[in-house]
């Protein structure tokens with residue numbers, strides 16, 4: 001299996017830490033976040049990954065190298081200008097022709113994960129989905145992409161950071177499984193999964209599924225969450 005890790009963000013909410021260290025390389029209990037992400041991907045059966053870079057890209061390349069420390073192959077896609085979560089994926093597909101030739105994982109680089117990726121894959125393949133989203137419960141709908149499922153587990157409604165929401169407490173967890181055909185709905189230039197691609201897929205009646213993830217998931221993008229990650233992973 002292959003994976004794409006979105007690692008280009010500036011991490012403005014974590015300044016001044018991210019002034020000198022890219023957010024995905026911040027240490028979690030003494031080990032860079034991306035190193036922990038690769039640990040998880042390796043045991044989940046991922047052998048190759050691509051990362052998009054923008055802010056302090058050399059810190060990521062120098063810190064992770066070619067992936068041999070994990071028995072994986074890593075490749076990098078530098079973005080002089082940020083292209084958004086979907087625009088970055090389109091660039092990677094175009095930069096490495098033929099590389100994403102199978103179902104692949106897409107992970108937001110500020111997610112600290114230890115979830116069952118195999119269970120997500122079973123849901124994805126059983127539904128013949130073009131996109132399957134890992135989901136989590138949340139009490140703060142205004143800060144996340146909110147999802148309502150139908151009884152079969154297909155996404156019925158998706159709203160990115162809604163001002164009002166009455167569709168339950170399931171939120172986008174920032175881990176996707178995608179088919180290569182998803183490129184067909186990603187336009188050139190800047191585009192975002194939450195604002196552009198997921199709504200377009202639903203409008204086209206494409207099969208988009210959700211799967212409530214089991215295991216650990218935390219977006220480390222705020223100081224409080226980053227401090228929580230240090231507590232949760234101490235000694236791991």
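Values in this text are rule-based calculations from the coordinates and carry no lab data. Values in this document were obtained by computation on a predicted structure and should not be read as measured data. Virtual Cβ from ideal backbone geometry, glycine too; neighbours counted across all protein chains shown.
Which FRET efficiency value, to the nearest 0.05, do you get for residue 75 and residue 20 by plugging their Cβ-Cβ distance into 1/(1 + (r/R0)^6) with R0 = 30 Å? Taking R0 as 30 Å, the efficiency between residue 75 and residue 20 is 0.75. Label separation (residue 230 vs residue 202): 3.8 nm, computed from points 7 Å beyond Cα along the C-beta direction. In the chain, the alpha-carbon atoms span a convex hull of 121 Å³ per residue.
Name the shape class, rounded, prolate or oblate, that the alpha-carbon gyration tensor gives for the stretch 57-114, where a ≥ b ≥ c are the square roots of its eigenvalues, rounded holds for a/c under 1.5, and otherwise prolate holds if a/b is larger than b/c and oblate otherwise.
Rounded is the answer for the stretch 57-114, as its axis ratio a/c remains below 1.5.
In the stretch 79-180, Rg over Rh equals 0.98, where Rg is the alpha-carbon radius of gyration and Rh the Kirkwood radius from pairwise Cα distances. Each peptide in 209-216, 127-134, 26-33, 75-82 receives the mean, over its residues, of other Cβ atoms within 10 Å, and ordering these scores from highest gives 127-134, 209-216, 26-33, 75-82.
Could you work out how far the C-alpha centroid of the stretch 185-203 sits from that of the stretch 89-104, in angstrom? First find each Cα centre; the distance between them is then 17 Å. Checking the a/c ratio against 1.5 first, then a/b against b/c, what shape does the Cα gyration tensor give for the stretch 1-101? Oblate.
Cβ crowding within 10 Å, taken as a proxy for footprinting-reagent exposure, orders 37, 118, 222 from fewest neighbours to most as 118, 222, 37. How would you classify the stretch 177-219 from its alpha-carbon gyration tensor, with a ≥ b ≥ c the square roots of the eigenvalues: rounded for a/c under 1.5, else prolate if a/b is greater than b/c, otherwise oblate? Since a/c reaches 1.5 and a/b is larger than b/c, the shape of the stretch 177-219 is classed as prolate.
Compared with the alpha-carbon gap, the fully stretched path from residue 157 to residue 139 is longer by 4.7 nm at 0.36 nm per residue.
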